[in-house]
Amino acid sequence: MDNIILIGFMGCGKTSVGERLAKQCQFVFADTDALIEAKEKCTIKDIFAVQGEAYFRQAEEDMLKSLLTTLDHAVLSTGGGMPIREANQALLKKLGMVVYLRTTKETIIHRVKSDTTRPLLAGDDLEYKVDTLLTKRAPIYEACADVIVDTDGLDFEQVIDKILVAHRK
Ligand code: S3P
């Protein structure tokens, strides 16, 4: 399976980079959050509010399993919590080359501060929430990745170039 899988914290640029990268290498672009929303006919925000986070996490794992038999020549952007479930780590690796878009806490806070669609960052004390979650997740993203790209200070083209160099190897 020749796929490029993008992982990383909310706001790290998985979707923006993924869409451009897919165009450039003539791959299909897919996004697990968008696929889950289409399947459930419901926004992520409402899935969290109505069914709860555990339901969403199961939907994420189920989505990865279904992609195992269908995804090829694709760039897949994943929700920021996808690699946290252990079962998903093996599934992501099976799907393709896993790229962690690593971003500093400051950049993330700047990008997500006026966002209202991410339930885990809703409400007060955004800085504390990002800090706590990122500290917990960073080692997991790193362990799950085949390639790590530090994106701070890079434009989309520079990030994409780094991914393409790794993909060619
Ligand atoms: C989540 C990240 C979101 C989305 C959901 C949960 C997380 O995706 O899957 O709100 O746990 O980090 P993005 O990383 O695309 O924002």
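Taken together, the values in this text are just the output of simple stated rules run on the coordinates, not laboratory data. No experiment lies behind these values; they were computed from the predicted model shown. Cβ coordinates were reconstructed from backbone atoms using ideal geometry, including for glycine residues, and neighbour counts include every protein chain displayed.
Tabulated data
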| read-out | value |
| --- | --- |
| Estimated translational D of region 76-121 in µm²/s (Stokes, Kirkwood radius over Cα pairs; 25 °C; 0.890 mPa s) | 197 |
| Taking all pairs of distinct alpha-carbon atoms in region 48-100, Kirkwood radius in angstrom | 11.7 |
| Residues listed by number, region 118-150, amide nitrogen under 14 Å from R57 label point at 7 Å toward C-beta | 120, 137 |
| Value at 222 nm in deg cm²/dmol, rounded to 500, when DSSP H runs of n ≥ 4 in the chain each add -39,500 (n - 2.57) | -16000 deg cm²/dmol |
| Given charges at beta-carbon only (K, R positive; D, E negative), |dipole| of region 77-120 in Debye | 40 |
| Full-stretch length increase - L154, K94 - with 0.36 nm per residue and alpha-carbon distance subtracted | 18.8 nm |
| Distance violations [Cα-Cα > 19 Å] among K14/K162; K105/K129; K129/K162 | K129/K162 |
| Shape box of region 1-128 [Cα atoms, principal axes, largest first, Å] | 42, 30, 25 |
| C42/E19 FRET efficiency (R0 25 Å; Cβ-Cβ; nearest 0.05) | 0.65 |
| The chain, dipole about Cα centre (Lys/Arg Cβ +1, Asp/Glu Cβ -1), debye to the nearest 20 | 280 |
| Of I47, T69, P119, farthest towards positive along the dipole that unit charges on Lys, Arg, Asp, Glu beta carbons give the chain | T69 |
| Partners for K65 among aspartates and glutamates (Cα-Cα distance below 18 Å; same-chain residues under 8 apart left out) | D2, D31, D33, E37, E40, E86 |
| Förster radius 25 Å - calculated FRET efficiency between L164 and E142, Cβ distance, rounded to 0.05 | 0.75 |
| In Hz, Karplus ³J(HN,Hα) per residue of region 9-16 (6.51, -1.76, 1.60; θ = phi - 60°; x = Gly, Pro) | 5, 3, x, 7, x, 4, 6, 4 |
